[in-house]
Structure formats: C-alpha cells, structure tokens
Amino acid sequence: MKNLFGLTLAELETELKDLPKFRAKQIAAHIYKHGLKSFDEMNDLPKVLRIELAERYEIKAAELLKRLDSADGLTTKFLLGLADGAAIEVVLMRHDYGDSVCISSQVGCQMGCKFCASTLKGLERNLTAAEMLGEIFFVNEVLGKVVDSIVVMGTGEPLMNYDELIKMLRLLHEDYCLGLSYRKVTISTCGIVPAIKKLRDEKIPVTLSISLHAPDDNLRSALMPINSAFGLKSLLAAGDDYAQSTGRRVTYEYILLGGVNDTEEHARRLAKILSGQLANVNLIPFNPIVERTFSPPTNHAVKKFFHFLNTHGINATIRKEMGADVNAACGQLKANWK
C-alpha cells in the first residue's frame with residue numbers, strides 16, 4: 001500500500017492521474033493543512049472515492065516508540081520508528097520566544113566527530129523528505145499547533161542528504177503544506193563546502209549554522225575528520241560567501257571542551273579568523289557522553305571565552321543547556337534507549 005504522506009502536489013497529481021486535478025489539491029490540504037491520517041475524515045470527497053483511496057493508499061508519517069521529558073519540562077525527546085524498522089530521535093524545545101523542533105536528517109552519522117554520540121554507530125541510511133517532514137508533523141500534533149522554528153541539527157549531516165533535504169524544505173514552504181517561512185529554518189553542517197555553495201544558489205534564505213569547534217586546522221582535523229577534506233580557509237570562505245549572498249548571518253557553533261579548545265588563546269585565534277565576517281558564534285559547553293572522554297569546561301573558562309570574543313568584535317552567545325538529563329542536548333543523540 002503506497003504512502004501519500006510526503007508527496008508534493010505535483011507527485012500527488014501524477015499518482016492520482018485518473019482523478020480531476022482538484023482532487024489532488026483537496027487531498028494535499030487534508031494531509032498537510034489539517035493533519036488528517038484517514039480518508040474517512042475527508043468529508044468533501046465522495047464516499048465511494050474515500051473507500052477506493054483507503055484500499056490503495058495510506059497516510060502515515062512515523063510511530064512513537066518512546067518519549068522522555070526533561071525535569072524542567074522544557075525539553076521532550078521522542079524516539080520515532082520508521083517503516084523499515086529504523087529509529088530516529090526528534091527533540092522539542094520550549095523557549096520563551098516559541099517552540100522549536102530539532103530534527104534528524106539521517107539514521108546515524110558517518111562524519112566521525114570525536115565529541116559527538118550520533119556518529120558512534122556510523123551511518124545506516126539517509127532519511128527521505130517524507131520522513132524528515134514526518135518528524136515535524138509528529139511534533140506539531142503533540143503541540144496542537146505548528147512549531148515556531150525548525151533546526152535540522154539532530155542525528156546526521158543534512159548536507160550529505162542534500163536532495164531530500166531541499167525537497168522537504170520546499171514542500172514545507174508550499175501554501176498547500178505549512179507555508180512555513182524559510183527564515184524559520186536553520187540548517188546545521190559540519191562543513192561540506194561544495195554543498196554550502198549549492199545551498200547558496202538555491203536562493204532560499206534559511207539560516208546556515210556551521211560546526212567549527214576549533215580555530216586552527218590541526219586541532220579541527222583532530223576533532224572533526226571532515227576538516228581533512230575541507231579545511232578552515234575554504235570553509236570560512238564558503239560561510240562568508242553564503243552570508244554575503246543571502247544577507248543571512250551565519251552562526252558558527254563552537255563546542256567548548258575542557259582543556260582542549262577553551263583557553264583565551266583559542267578565543268584569540270577564533271576572533272582573528274572570523275574578523276569581518278557577517279557571523280556570530282554560539283558557544284556550547286560540552287555535554288557529557290559516556291563513550292567520550294572529554295570534560296566540560298569550567299564556568300570560568302566559558303565566561304572568559306565569551307567575554308573575549310564580545311570585546312574583540314565577535315558577537316557571541318552561550319547556548320542554554322536543554323535536555324541534558326534525558327540525553328537530548330547537543331551532541332548526545334544516539335537513538336540508544338536501553
């Protein structure tokens with residue numbers, strides 16, 4: 001039985017080519033605007049047609065396997081099961097400025113960043129556009145409303161699943177879907193330079209977030225294998241070009257690892273390489289991971305690093321820790337619930 005969830009209007013029209021085109025529009029609205037999962041509920045369709053559709057198709061996104069809520073009630077992590085038995089995590093974060101959902105783009109991750117749990121088991125497969133969309137719709141259903149913002153910052157490297165990512169973003173933006181502004185979306189990447197350039201040329205003003213985590217090539221290569229392919233010079237040039245071309249300030253993520261990259265000298269070098277860029281730095285104190293040997297930075301080191309950047313021309317913020325008690329914080333997602 002074919003699943004209609006995640007199909008574009010054009011794809012629905014092709015699939016339902018024996019019906020008048022307006023029927024595809026009606027069905028798209030029911031699926032995306034109204035969140036219906038049963039053809040029986042589509043009361044503006046003839047009863048006979050509803051029965052025929054139900055015999056041939058289904059409307060299915062993802063199945064909830066488990067839910068964990070943080071003690072403060074601000075973060076909820078969901079383990080979602082997919083049709084082939086794979087599982088992914090999606091995180092709902094409740095901020096004072098609105099609700100945000102952090103979605104995964106792959107089952108597992110191949111990038112091998114030394115401080116991240118998501119890459120421990122390697123890459124299983126890419127998610128489809130429908131599966132990524134399903135994460136968002138699942139959280140919308142939990143909230144009873146459309147989320148205020150979306151960050152593609154969960155498990156996986158989004159730009160290694162480029163085509164499906166773009167398909168999902170464009171579908172989200174369509175009026176017959178959620179009509180979501182691209183400006184409410186943030187795409188995080190560890191630094192796939194050719195894909196950053198490709199994203200720039202899409203002319204969709206999403207916010208780009210680049211995982212930097214070190215101010216020099218030697219340290220970054222030790223922490224992030226991708227740096228051996230795309231070093232800091234080419235990565236920062238691509239980031240600056242993206243910002244200048246789109247007018248969207250790039251966020252450079254910098255995870256602070258105690259005694260590794262958190263000294264004032266590291267801050268000095270970071271300020272130097274980012275000087276003049278339309279960018280800001282998001283400082284992330286390391287969240288403990290059982291399988292990793294890194295330690296969080298001291299509060300003093302975090303404050304000192306933050307102060308140095310802000311007094312040397314670099315706009316910096318410190319990410320508020322959310323969901324660490326349920327392993328839902330940055331770098332902790334690994335779909336291991338045992």
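The values are calculated or read from the model by the stated rules, or taken from the named source; none is laboratory data. Note that the coordinates shown come from a computational prediction; the quantities given were computed from them, not determined experimentally. Backbone-built Cβ (ideal geometry, glycine too); neighbour counts: all protein chains shown.
Key figures
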read-out: Answer residue from region 169-197, given it is closer than 19 Å to Thr251 by Cβ and more than 16 Å from the chain's Cα centre (by Cα) and is surrounded by the fewest Cβ atoms within 10 Å (Cβ to Cβ) among those; value: Lys197
read-out: Residue selected from region 20-64 under the condition β-branched (Val, Ile, Thr) and more than 17 Å from Cys177 (Cβ to Cβ), by the criterion surrounded by the most Cβ atoms within 10 Å (Cβ to Cβ); value: Ile51
read-out: Extreme residue, farthest from Ile273 (Cα to Cα), among residues of region 242-259 that are in a helix (DSSP H, G or I) and of a type outside the set (Val, Ile, Thr); value: Ser245
read-out: Condition met for Glu265 (at pLDDT below 95 and more than 20 Å from the chain's Cα centre (by Cα)); value: no
read-out: Residue match in region 203-224 (condition: in a helix (DSSP H, G or I), in the same structural domain as Gln110 (by TED's automatic domain parsing) and touching a Cys at 6+ places or on another chain (Cβ under 9 Å)); value: yes
read-out: Residue under evaluation His213, criteria (1) on the phi > 0 side of the Ramachandran plot; (2) surrounded by 17 or more Cβ atoms within 10 Å (Cβ to Cβ); (3) modelled with pLDDT under 95, criterion not met; value: (3)
read-out: Number of positions in region 1-27 that are of a type in the set (Val, Ile, Thr) and in a loop (DSSP other than H, G, I, E, B); value: 1
read-out: Every residue from region 117-134 that is buried (at least 22 other Cβ atoms within 10 Å of the Cβ) and without any contact (Cβ under 8 Å) to a residue 60 or more places away in the chain; value: Thr119, Leu127, Met132
read-out: Subset tally (residues that are surrounded by fewer than 16 Cβ atoms within 10 Å (Cβ to Cβ) and within 26 Å of the chain's Cα centre (by Cα)) for region 281-313; value: 5
read-out: Test result for Thr76, assigned by TED's automatic domain parsing to the domain that holds Met153, closer than 30 Å to Asn227 by Cβ and either in contact with a Phe, Trp or Tyr (Cβ under 6 Å, 6 or more places away or on another chain) or of a type in the set (S, T, N, Q) (or both); value: no
read-out: Residue in region 127-134 that is at pLDDT 95 or above, closer than 21 Å to Ser211 by Cβ and under 13 Å from the mean Cα position of the chain (by Cα) present; value: yes
read-out: Meets criteria (surrounded by fewer than 14 Cβ atoms within 10 Å (Cβ to Cβ), among the basic types (Lys, Arg) and over 24 Å from Leu82 (Cβ atoms)) for Lys2; value: no
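Listed here are the residues, each with its yes/no results for (1) touching a Gly at 6+ places or on another chain (Cβ under 9 Å); (2) closer than 24 Å to Ile284 by Cβ; (3) of a type in the set (Lys, Arg).
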site: Leu165; (1), (2), (3): no, yes, no
site: Leu169; (1), (2), (3): no, no, no
site: Asp175; (1), (2), (3): no, no, no
site: Arg183; (1), (2), (3): no, yes, yes
site: Gly191; (1), (2), (3): yes, yes, no
site: Pro194; (1), (2), (3): no, no, no
site: Arg200; (1), (2), (3): no, no, yes
site: Thr207; (1), (2), (3): no, yes, no
site: Ile210; (1), (2), (3): yes, yes, no
